[in-house]
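See below for the structure under consideration.
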Amino acid sequence: MKKVLILALLTTLSVVVAVAETPQFFAFELGSGAAYNVDTGEVVTSNSMGFTYTFSEAFKGGFSFTEIDGISIDTINISIVPAENATLTMYTGSITTPAAGAVPAATELGFGVGLGYDFFTNTKSIFTSLGLYLDWFASNGGSYDIANGGVISMGLKTKIGL
């Protein structure tokens, strides 16, 4: 399943790059924060990394790999920029719960939405930014089932790129 997801991610990125309007930046992003599991009421750590490509002033896209309390969320994302330094993001991909004892690992279709605001941004020579994010993820079953509310993740993300 992971090989298919990675192949789909790379194919999507190459198609999007080929039709991009005016590419500006390709950035690596790293994030950390807290996550709230709506079903259990637990607050746990959230760590993410990914790649973002700026297609134009209004659109960004890329890959996001998030781990919340040992559960892996691998997604493709597309973002719109409704105002300067603010983003609205849609995610789609997979949510994988690791194996536990005799229970095998489970992978479900995952999706989500997010809000972000970069309060420090530098676009001279090397692109850098630091901002706040708020993401909601859910799946069609498993740990973050949409019927149970999914998971809300919030924290800081930093980006660096060309």
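The values are calculated or read from the model by the stated rules, or taken from the named source; none is laboratory data. Computed from a predicted structure; not experimentally measured. Don't worry about glycine lacking a Cβ; one is built from the backbone with ideal geometry, like all the others, and counts go over all protein chains shown. Surface accessibility is based on the protein's heavy atoms, side chains included, excluding ligands, DNA and RNA. Shrake-Rupley method; radii C 1.70, N 1.55, O 1.52, S 1.80 Å.
Conditions (1) at pLDDT 95 or above; (2) loosely packed, with under 14 Cβ neighbours inside 10 Å, marked per residue:
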{"position": "Phe25", "(1), (2)": "no, no"}
{"position": "Thr40", "(1), (2)": "no, yes"}
{"position": "Tyr53", "(1), (2)": "no, no"}
{"position": "Ser56", "(1), (2)": "no, yes"}
{"position": "Gly70", "(1), (2)": "no, yes"}
{"position": "Pro82", "(1), (2)": "no, yes"}
{"position": "Thr89", "(1), (2)": "yes, no"}
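Give the range 100-134 a look and list any residue that's closer than 18 Å to Ile71 by Cα and part of a loop (DSSP other than H, G, I, E, B), or say none. Those that are closer than 18 Å to Ile71 by Cα and part of a loop (DSSP other than H, G, I, E, B): Gly101, Ala102, Pro104, Ala105. Can you find a residue that is loosely packed, with under 15 Cβ neighbours inside 10 Å, small (Gly, Ala, Ser) and under 14 Å from Ala27 (Cα atoms) anywhere in the range 125-134? The answer is yes; a qualifying residue exists.
Of the residues making up the range 91-109, those that are open to solvent by less than 70 Å² (accessible area, probe 1.4 Å) and of a type in the set (A, V, I, L, M, F, W, C) are Ile95, Ala99, Ala100, Ala105, Ala106. For the range 53-73, filtering for residues that are assigned to a strand (DSSP E or B) and either assigned by the TED database to the domain that holds Glu108 or in contact with a Ser or Thr (Cβ under 6 Å, 6 or more places away or on another chain) (or both) leaves 8. The single residue among Gly149, Gly112, Gly155 that is at pLDDT 90 or above and surrounded by 20 or more Cβ atoms within 10 Å (Cβ to Cβ) turns out to be Gly112.
Could you identify the single residue in Ile152, Ile76, Ile80, Ile95 that is more than 23 Å from Phe28 (Cβ to Cβ) and in a strand (DSSP E or B)? So that I can check it myself, show each step before the final result.
On the way: Ile76 fails: more than 23 Å from Phe28 (Cβ to Cβ); Ile80 fails: more than 23 Å from Phe28 (Cβ to Cβ); Ile95 fails: more than 23 Å from Phe28 (Cβ to Cβ).
Unique residue meeting the criteria: Ile152.
Looking only at residues in the range 123-141 that are small (Gly, Ala, Ser) and more than 21 Å from Ala34 (Cβ to Cβ), the one that is modelled with the lowest pLDDT is Ser125. Considering only residues of the range 135-146 that are touching a residue at least 60 places away in the same chain (Cβ under 8 Å) and outside any strand (DSSP E or B), which is surrounded by the fewest Cβ atoms within 10 Å (Cβ to Cβ)? By that ranking, first place goes to Ser143.
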